[in-house]
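Let me give you the structure first, and then I'll get to my questions.
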Amino acid sequence: MFSAMTTFTKVHVVISLIAIFAGFVVAFGLLTSKRLDGWTALFLVMTLLTSVTGFFFPFHGFTAPVWFAIITLVVLAIGTFARYGRKLTGAWRWIYAVTAMLALYLNVFVLIVELFLRVPALKALSATQAGPPFLIAQLSAIVIFVVLTVIAAIRFRPIN
């Protein structure tokens, strides 16, 4: 069982990192008003898989990771509907931009948490994830994402 879980964890991490990388490419597209259809599909699918595979880890009640996965799935559903169901028409254009950026932010938030849990140098700086280095990292991420999300929502006006 340990070996299977280790392999599963590695697959989950690779999926998550692909989702984050693709998400940054999509964010660039939003900021430059480009749809980047292939990258968008990759980002949405990998982010979906990240959340879904997260449910297959041992369940210990409704912890923060479970809530993050649920919130991410709701955000993805809205974003996917805006992008593919409503084809970015009217308000659905900025709704898609906001949900795509929010889904990427949620992935990055979890990445920061995992880095502080697993990287010895970061863990030493903030072992409880309540210390200033962790809080500064998370606050910096949210400020950057709020600014980029507002800009993306304004600038994203793709030509079909």
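The values are calculated or read from the model by the stated rules, or taken from the named source; none is laboratory data. Small disclaimer: the values here were computed from a predicted structure and weren't measured. A quick note on method: Cβ atoms are made from the backbone with ideal geometry, for glycine too, and the neighbour counts reach across all protein chains shown. The protein model used for the area step is the full one, side chains on, heavy atoms only, and it has no ligands, DNA or RNA in it. Shrake-Rupley method; radii C 1.70, N 1.55, O 1.52, S 1.80 Å.
Could you work out how far helix 37-54 tilts from the main Cα principal axis of the chain, as a 0 to 90 degree angle to the nearest 10?
Tilt of helix 37-54: around 30 degrees.
Further, regarding this structure: With the other protein chains left in place, how much accessible area per residue, in square angstrom, belongs to the chain at a 1.4 angstrom probe? Display every interim value, and only then the final one.
Values: 9220 Å² over 160 residues.
It amounts to 58 Å² per residue over the chain.
Quick one: compute the contact order of the range 50-160, relative version, from alpha carbon pairs under 8 angstrom and 6+ residues apart, as a percent. Display every interim value, and only then the final one.
Numbers: 88 pairs, mean separation 25.9, N = 111.
Relative contact order, the range 50-160: 23 percent.
Something else about it: Which value in nm describes the separation of the simple spin-label points at Lys10 and Val146, placed 7 Å from the Cα toward the beta carbon?
4.0 nm
Would you mind calculating the gained length between Leu115 and Lys87 on full extension (0.36 nm times residue separation, minus the Cα-Cα distance), in nm to one decimal? All intermediate terms of the calculation are to be shown ahead of the outcome.
On the way: separation 28, 0.36 × 28 = 10.08 nm, distance 3.63 nm.
Full extension from Leu115 to Lys87 adds 6.4 nm.
Related question: How would you classify the range 3-160 from its alpha-carbon gyration tensor, with a ≥ b ≥ c the square roots of the eigenvalues: rounded for a/c under 1.5, else prolate if a/b is greater than b/c, otherwise oblate? Working shown, then result.
Working: a/c = 2.17, a/b = 1.52, b/c = 1.43.
Judged from the Cα gyration tensor, the range 3-160 comes out prolate (a/c at least 1.5, a/b above b/c).
At 7 Å along the Cα-to-beta-carbon direction for both Thr128 and Ile154, put a label point, then send me their distance in nm to one decimal.
That separation, rounded to one decimal, is 4.0 nm.
Can you give the FRET efficiency for Thr32 and Ile71, using 1/(1 + (r/R0)^6), R0 = 35 Å, r = Cβ-Cβ distance, to the nearest 0.05? Don't skip to the end; give the middle numbers.
Details: r = 27 Å, r/R0 = 0.78.
Using R0 = 35 Å, I get an efficiency of 0.80.
Indicate the gyration tensor shape class of the range 73-160 (rounded, prolate or oblate), computed on the Cα atoms with a ≥ b ≥ c the square roots of the eigenvalues: a/c under 1.5 is rounded; otherwise a/b larger than b/c is prolate and the rest oblate. Write down the numbers at each step before the final one.
On the way: a/c = 4.16, a/b = 2.54, b/c = 1.64.
Prolate, because a/c is 1.5 or more and a/b exceeds b/c.
Further question: Amide H to amide H under 5 Å from Ser33: which residues, 5+ apart in sequence or cross-chain, H placed 1.01 Å off N in plane?
Placed amide hydrogens put Arg157 under 5 Å from Ser33.
Starting from the Cα of Lys34, draw a straight line to each of the lysines and keep only those under 22 Å, dropping any in the same chain fewer than 8 residues away.
Output for Lys34: Lys87.
Kindly express, to the nearest 10 degrees and within the range 0 to 90, the angle between helix 64-80's C-alpha long axis and the longest C-alpha principal axis of the chain.
In the chain, helix 64-80 runs at an angle near 10 degrees to the longest axis.
Leaving ligands, DNA and RNA out of it, rank Tyr105, Tyr96 by accessible area with a 1.4 Å probe, largest first.
On the way: Tyr105 35, Tyr96 5 Å².
Putting Tyr105, Tyr96 in descending order of accessible area: Tyr105, Tyr96.
Compute the angle between helix 2-31 and the longest alpha-carbon principal axis of the chain, please, reported from 0 to 90 degrees and rounded to the nearest 10.
Approximately 30 degrees, to the nearest ten.
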